[in-house]
Amino acid sequence: TVVEYASMTCPFCASFHEKTYPELKKRYVDTGKVRFIFRDFPLDPLAAGASMLARCAEKEQFFPLIETLFQKQRQWAVDRPLPPLMAIAKQAGFSEQKFNACLSDQKMLDAMQAEQKRASEKFGVTSTPTLFINGRVQKGGMSIEDLAKAIDPLLKS
């Protein structure tokens, strides 16, 4: 099991999702060798908003929206983020009403912040990306080669 704690505004997380995650998915997740769990660890209010949008998406749109948000991070992680975020959300099937309702969902934000607090206090997560591979912590964006070195021995046992 690989658990990733990521912030949607973190450039290292975006780089991980652009460069490493596609190969991780192809080699390990799609083949059923690894279970991948994505957990939000927003480092700022804008990251929290982007995470909330992904959580509001239809279930099958969650990961595609996460990937799009990371790919287009430089376009929406700006001084005026709402117009570019709205454009991305519309591509994922959001109406303006759904977009606004999602971003004002205090209950969802509270749950996300509680999850983040638990990650900090119980698992020592302080930065993003932080990966846990079968419970062993790996801080920072890893290359697919580094991930393979950590994952492959666990598959053989």
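Worth a mention:
- Considering residues of region 117-129 that are among the polar types (S, T, N, Q) and touching a strand residue (DSSP E or B) at 6+ places or on another chain (Cβ under 7 Å) only, the residue most open to solvent (accessible area, probe 1.4 Å): Ser127
- From Thr9, Thr1, residue being touching a residue at least 12 places away in the same chain (Cβ under 8 Å), within 23 Å of Asn134 (Cα to Cα) and of a type outside the set (Gly, Ala, Ser): Thr1
- Consider region 80-104 and keep the residues that are of a type in the set (S, T, N, Q) and part of a helix (DSSP H, G or I). The one that is surrounded by the fewest Cβ atoms within 10 Å (Cβ to Cβ) is Gln97.
- Condition check for Glu145: among the acidic types (Asp, Glu) and under 17 Å from the mean Cα position of the chain (by Cα): no
- In region 132-157, the qualifying residues are those that are in a helix (DSSP H, G or I) and farther than 22 Å from Phe12 by Cβ, and the one that is most open to solvent (accessible area, probe 1.4 Å) is Lys156.
- Hits in region 34-72 (condition: under 10 Å from the mean Cα position of the chain (by Cα), under 22 Å from Val137 (Cα atoms), open to solvent by 20 Å² or more (accessible area, probe 1.4 Å) and of a type in the set (A, V, I, L, M, F, W, C)): Ile37, Phe38
- Scope region 98-114; condition more than 20 Å from the chain's Cα centre (by Cα) and either within 20 Å of Ala6 (Cα to Cα) or basic (Lys, Arg) (or both); matching residues: Lys98
- Within region 105-122, the set of residues being touching a residue at least 60 places away in the same chain (Cβ under 8 Å) and either over 15 Å from Ala50 (Cβ atoms) or part of a strand (DSSP E or B) (or both) comprises Glu115, Ala119.
- Within region 5-33, the set of residues being farther than 19 Å from Ile151 by Cβ, part of a helix (DSSP H, G or I) and either open to solvent by 10 Å² or more (accessible area, probe 1.4 Å) or polar (S, T, N, Q) (or both) comprises Pro11, Phe12, Ser15, Glu18.
- Selection count, region 106-116, where residues are closer than 30 Å to Arg27 by Cα and either touching a Phe, Trp or Tyr at 6+ places or on another chain (Cβ under 6 Å) or open to solvent by 40 Å² or more (accessible area, probe 1.4 Å) (or both): 2
Let's see how each residue does on (1) under 30 Å from Pro22 (Cβ atoms); (2) in contact with a Lys or Arg (Cβ under 9 Å, 6 or more places away or on another chain); (3) modelled with pLDDT of 95 or more:
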{"site": "Gln71", "(1), (2), (3)": "yes, no, yes"}
{"site": "Trp76", "(1), (2), (3)": "yes, no, yes"}
{"site": "Leu82", "(1), (2), (3)": "yes, no, yes"}
{"site": "Met86", "(1), (2), (3)": "yes, no, yes"}
{"site": "Glu96", "(1), (2), (3)": "no, yes, yes"}
{"site": "Asn100", "(1), (2), (3)": "no, no, yes"}
{"site": "Ser104", "(1), (2), (3)": "no, no, yes"}
{"site": "Met108", "(1), (2), (3)": "yes, yes, yes"}
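The values are calculated or read from the model by the stated rules, or taken from the named source; none is laboratory data. Because the structure is a prediction, the values reported are computed rather than measured. FYI the Cβ positions are ideal-geometry reconstructions off the backbone, even for glycines, and counts take in every protein chain you see. All accessible areas refer to the heavy atoms of the entire protein, side chains included, with ligands and DNA or RNA removed. Shrake-Rupley method; radii C 1.70, N 1.55, O 1.52, S 1.80 Å.
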